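To start, the structure under review is shown below, and the notes come after it.
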Amino acid sequence: MDGSSNIDANVSIGTLFGIYRRKTISTGECTPSDVLQPAKSLVAAGYIVYGSSTMLVYTTGQGVHGFTLDPSVGEFLLSHEEIEIPKRGSIYSCNEANFPLWSEGVRRYVADFKAKPERQAKSRYIGSLVADFHRTLLYGGIFLYPRDKRYPTGKLRLLYEAGPLSFLAQQAGGRGSDGVKPIVDIVPDKVHQRTSLFIGSEEDILEAEDYIKRFGDSL
């Protein structure tokens, strides 16, 4: 359950999932190679967000679609067909309390994002990954949870958080990155491997990568 620390505060939370095709032929237990696959190998990925309404958003590699639960019939009905994330947005979403712990590249990116008057930047941060991503998917912009001095390899899990969402973002015309390369290309070494995550509008993510390349990612 993503965002479980927000349950008592009645804040939106969610469930994430990713489905991979088994690589081994054996009918026995799965092997590490069955599990440790890059997100680009996903067959399907999605999430359910529990908020003012309950929505299922998913992709099978052919676009992104959203279904809203209708309690009167007990069914999920197609409400958001062929979702496309805007190429650039005005919303940035991050835990700014971690600002002093970030690399120079990330600090400069966030500071400049806010400073450009033509961007009319807005800060929105819920603290539930699914809910923050859902807003970013619909409105555009960037969600970032970079590595920092407390979590030098990142905090979010590659295999079952960053990977499925990055696959979904890509299918909607967006991008997911660890700040250097696409998340979907990273082959996990272990099930609970952590990573930085920059996800959202393609132009915003590419800009963040450029800042990190120019100003550095040292902590």
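From the set of residues in the range 174-217 that are of a type in the set (Ser, Thr, Tyr) and under 14 Å from Gly105 (Cα atoms), which is nearest to the chain's Cα centre (by Cα)? So, considering only residues that are of a type in the set (Ser, Thr, Tyr) and under 14 Å from Gly105 (Cα atoms), the one nearest to the chain's Cα centre (by Cα) is Ser196. Please tell me if Thr27 is among the hydroxyl-bearing types (Ser, Thr, Tyr), surrounded by 11 or more Cβ atoms within 10 Å (Cβ to Cβ) and more than 30 Å from Tyr211 (Cα to Cα). Against the criterion (among the hydroxyl-bearing types (Ser, Thr, Tyr), surrounded by 11 or more Cβ atoms within 10 Å (Cβ to Cβ) and more than 30 Å from Tyr211 (Cα to Cα)), Thr27 does not qualify.
Checked across the range 207-219, the condition of being in contact with a strand residue (DSSP E or B) (Cβ under 8 Å, 6 or more places away or on another chain) and either under 20 Å from Leu101 (Cα atoms) or outside any helix (DSSP H, G or I) (or both) holds for at least one residue.
Please verify whether Arg107 is over 25 Å from Ala44 (Cα atoms) and assigned to a loop (DSSP other than H, G, I, E, B), treating the condition exactly as stated. Here the answer is no, as Arg107 does not meet what is asked. For the range 178-185, state whether one or more residues are at pLDDT 95 or above, more than 22 Å from Lys87 (Cβ to Cβ) and part of a loop (DSSP other than H, G, I, E, B). Among the residues of the range 178-185, not one is at pLDDT 95 or above, more than 22 Å from Lys87 (Cβ to Cβ) and part of a loop (DSSP other than H, G, I, E, B), which makes the answer no.
Would it be correct to say that Leu138 is within 18 Å of the chain's Cα centre (by Cα) and in contact (Cβ under 8 Å) with a residue 24 or more places away in the chain? Criteria met by Leu138. Of the residues screened, Leu168 is not one that is more than 14 Å from Arg88 (Cα to Cα) and outside any helix (DSSP H, G or I).
Criterion applied to Asp148, Asp185, Asp204 was being in contact with a helix residue (DSSP H, G or I) (Cβ under 9 Å, 6 or more places away or on another chain) and within 17 Å of Gly89 (Cβ to Cβ), and the one residue passing it is Asp204.
Checking the stated criteria, Leu138 turns out not to satisfy the condition of being outside any helix (DSSP H, G or I) and outside the structural domain of Thr31 (by TED's automatic domain parsing). Evaluated against (1) touching a residue at least 60 places away in the same chain (Cβ under 8 Å); (2) β-branched (Val, Ile, Thr); (3) in contact with a Leu (Cβ under 6 Å, 6 or more places away or on another chain), Val35 falls short on exactly one condition, (3). Consider Gly163 carefully, then state whether it is assigned to a loop (DSSP other than H, G, I, E, B) and either among the small types (Gly, Ala, Ser) or in contact with a Leu (Cβ under 7 Å, 6 or more places away or on another chain) (or both). So Gly163 fails the test. The set of residues in the range 166-219 being without any contact (Cβ under 8 Å) to a residue 40 or more places away in the chain and of a type in the set (D, E, K, R) consists of Arg175, Asp178, Lys181, Glu209, Asp210. Residue count for the range 66-92 under the criterion of being assigned to a strand (DSSP E or B), within 24 Å of Arg175 (Cα to Cα) and not hydrophobic (A, V, I, L, M, F, W, C): the result is 4. Within the range 64-83, the set of residues being surrounded by 14 or more Cβ atoms within 10 Å (Cβ to Cβ) and more than 19 Å from Glu161 (Cβ to Cβ) comprises His65, Gly66, Phe67, Thr68, Leu69, Phe76, Ser79, His80, Ile83.
Here Gln37 meets the list (1) assigned to a loop (DSSP other than H, G, I, E, B); (2) exposed (fewer than 15 other Cβ atoms within 10 Å of the Cβ) almost entirely, failing just condition (2).
The values are calculated or read from the model by the stated rules, or taken from the named source; none is laboratory data. The structure presented is a predicted model; accordingly, all values stated were derived computationally and were not measured. All Cβ positions, glycine included, derive from the backbone under ideal geometry; neighbour counts span all protein chains shown.
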